[in-house]
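For reference, the structure is listed below as structure tokens.
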Number of protein chains: 2
Amino acid sequence: MERVDMTSVISEISVSLDGYIAGPNDNDEFPLGEGGERLHEWLIELSSWRERHGLEGGTQSPDVEMFDETWKNIGATVMGKRMFDLGEKPWGDEPSFHMPVFVVTHEDREALTKAGGTTFNFITSGVAAAVEQAKSAAADKNVAVAGGANVIQQCLSARLLDQLTIHIVPVLFGDGRRLFDPESVPRMELEMSKVISSPGVAHLQFQIAK
Amino acid sequence: MERVDMTSVISEISVSLDGYIAGPNDNDEFPLGEGGERLHEWLIELSSWRERHGLEGGTQSPDVEMFDETWKNIGATVMGKRMFDLGEKPWGDEPSFHMPVFVVTHEDREALTKAGGTTFNFITSGVAAAVEQAKSAAADKNVAVAGGANVIQQCLSARLLDQLTIHIVPVLFGDGRRLFDPESVPRMELEMSKVISSPGVAHLQFQIAK
């Protein structure tokens, strides 16, 4: 009997109007690049995000509802090796994931268990395998593809993503790290399923047919 | 006494979600590139656009209202030389502009008068001069910057634009001609003034502070 697949693989990312996810001259010590933190101002102000990261206050808005709806039912996360390397130290001993995380890497490495339910699993057999394992771990919950851009591009190209949400911030960077590098994805139609605007950011949600 | 400037300089353009305004391998004989016509499907279906181009039928939608509101009060148009060269023949003896058009070019050339009120004026002193002359010609109406991408980039960089509307079409091209080439515009904050969604396209309108 065929298993009915109820797990959605979803991703969301903030971009400038000209398509950048980090400002110019980003590097491992400076991952957002010059002025790149501008893209995340809207998020850091949200009470739901603050609560998840142990901070008080913040504002509620239509953003919050969408953010919560999309993200409250995540059971596992997939990310690239660079994102893990950049995050490992700042995330500390109790990362805010509180779920299994599958890191796409070339380095064979034992799983790393942190306090609060976060385990980093290192997957050397490619992004499709990492998504598959994340789906199993998520059980009836959804899988989040956290980034970076390269992993999101790979998931789009292989049609591993079911849903992509783009948060468009009204700023032009002029230069930086792009969400979509040339030829990083094949030509592909998406279905625009939701458009939500709130002060300072527009949220566009897309469904990807298998 | 200082003149109060009531003329707005506005532009609008359709882009793929990954930021392309034409598909791959575009050239002068094939200006939309491979599959680039996809970006304009939503527009060609609109009854207001069809009416303006002498066609019957079409659909009405929230698109129409926004489109009409923005474009019904245009008194002059600015465009680049490539756009003029590509359009001159298909636009025919009675182009649908019905207003003065100012073409930014290096070629000194006499004005070209067409039937129905369209005159092409060739401006060799740069994009700012072209916008200035268009503003004078438009009197109390607005000026449209029709494109291409290069002229829009120049107008943004020089803060000649007051309003930019981006129509985001839910397709990934993967490659093609970009709206925003790297380093084509300086870092710049915009004000997101309107977000309208309709089936198959999201309209994001931005105001640019002087």
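Hey, any idea what % of segment A:21-60's accessible area is carbon plus sulfur with a 1.4 Å probe?
Using a 1.4 Å probe with all protein chains present, segment A:21-60 comes out at 49 percent carbon and sulfur.
Identify which of B:Q154, B:Q133, B:Q60 has the largest mean-square fluctuation in a Gaussian network model of chain B, with springs joining Cα atoms closer than 10 Å.
Comparing B:Q154, B:Q133, B:Q60 in a Gaussian network model of chain B, the most mobile one is B:Q60.
For segment B:197-202, take each phi angle, set θ = phi - 60°, evaluate the Karplus expression 6.51 cos²θ - 1.76 cosθ + 1.60, and give the result in whole Hz per residue in order, putting x for glycine and proline.
Per-residue couplings from phi come out as 10, 9, x, x, 6, 10 Hz.
Read phi for every residue in segment A:118-129 and hand back ³J(HN,Hα) as whole Hz from Karplus 6.51 cos²θ - 1.76 cosθ + 1.60, θ = phi - 60°, with x for Gly and Pro.
8, 10, 8, 10, 9, 10, 9, 9, x, 6, 5, 5
Tell me, what ³J(HN,Hα) does each residue in segment A:28-36 have, in order and in whole Hz, if you take phi through Karplus 6.51 cos²θ - 1.76 cosθ + 1.60 with θ = phi - 60° and put x for Gly and Pro?
Taking θ as phi minus 60°, the curve returns 5, 8, 9, x, 8, x, 5, x, x Hz for segment A:28-36.
Would you mind listing how long segment A:163-210 runs along its three principal axes, going by Cα atoms, in whole Å with the largest first?
Principal-axis extents of segment A:163-210 (Cα, largest first): 33, 26, 11 Å.
So for chain B, averaging the separation of alpha carbon pairs under 8 Å that are six or more residues apart and normalising by length, what relative contact order in percent results?
Relative CO of chain B lands at 29 percent.
So for A:H40, B:H167, what's the accessible-area order with a 1.4 Å probe, most first?
Ranking A:H40, B:H167 by accessible area, largest first, yields A:H40, B:H167.
What is the diffusion coefficient of chain A in µm²/s, taking the Kirkwood radius over Cα pairs and the Stokes-Einstein relation at 4 °C with a viscosity of 1.567 mPa s?
After rounding, the answer is 73 µm²/s.
Quick check: at a probe of 1.4 Å, how many percent of the accessible area of segment A:65-210 sits on carbon and sulfur atoms?
Solvent-exposed carbon and sulfur of segment A:65-210 make up 48 percent of the total.
Quick check: net charge around A:V145, other residues with Cβ under 12 Å of its Cβ, Lys/Arg +1 and Asp/Glu -1?
Spelling it out: positives minus negatives among the neighbours equals -1.
Run the numbers on segment B:113-178 and let me know its relative contact order in percent, using alpha-carbon pairs under 8 Å that are six or more apart.
Relative contact order here is 24 percent.
Can you give me the convex hull volume of the Cα atoms of segment B:31-147, divided per residue and expressed in Å³?
So the per-residue hull volume is 114 Å³.
Checking an interface number: how much accessible area is buried between B and A, summed over both chains, with a 1.4 Å probe, in Å² rounded to 100?
By this definition, chains B and A bury close to 2900 Å².
With charges set only on the Cβ (+1 for Lys and Arg, -1 for Asp and Glu), what does the dipole of segment A:3-70 come to about its Cα centre, in debye to the nearest 20?
In debye, rounded to 20, segment A:3-70 gives about 200.
Just to be sure I follow the rule: in segment A:57-148, considering lysines 8 or more places apart or on different chains, how many pairs have Cα atoms under 22 Å apart?
Taking segment A:57-148 as the scope, the lysine pair count is 9.
Using a 1.4 angstrom probe with every protein chain in place, what is the largest-first accessible-area order of B:S11, B:S157, A:S136, B:S184?
A:S136, B:S157, B:S184, B:S11
Per q in 0.14 1/Å, what log10 I(q)/I(0) does a Debye calculation on the alpha-carbon atoms of segment A:92-210 return?
-0.75
Among the trypsin sites (Lys or Arg not before Pro) in segment A:1-63, which ones are in a DSSP loop with at most 16 other Cβ atoms within 10 Å of the Cβ? Mind listing them?
A:R3
Once amide H atoms are placed 1.01 Å from N in the peptide plane, what residues at a sequence separation of 5 or more from A:I74, or on another chain, have their amide H within under 5 Å of its amide H?
So A:I74 has HN proximity to A:N142.
If you count only protein heavy atoms with a 1.4 Å probe, what accessible area per residue comes out for chain B, rounded to a whole Å²?
47
So if the hydrodynamic radius of segment B:78-119 is defined as the Kirkwood radius over C-alpha pairs, what does Stokes-Einstein give as its diffusion coefficient at 25 °C and 0.890 mPa s, in µm² per second?
Reported coefficient: 232 µm²/s.
Report, as a whole number in µm² per second, the diffusion coefficient that Stokes-Einstein gives for the protein assembly as shown at 10 °C and 1.306 mPa s using the Kirkwood radius over alpha carbon pairs.
The Stokes-Einstein estimate is 68 µm²/s.
Does a label point 7 Å from the Cα of B:K194, set along Cα-to-beta-carbon, have any residues of segment B:62-94 with amide nitrogen under 15 Å, and which are they?
Under cut-off, by backbone N: B:62-74.
The values are calculated or read from the model by the stated rules, or taken from the named source; none is laboratory data. Everything quoted here is computed from the prediction, not taken from an experiment. Note: ideal-geometry Cβ built from the backbone for every residue, glycine included; neighbour counts use all protein chains shown. Quick note on the areas: whole protein, heavy atoms, side chains included, nothing else; ligands and nucleic acids left out. Shrake-Rupley method; radii C 1.70, N 1.55, O 1.52, S 1.80 Å.
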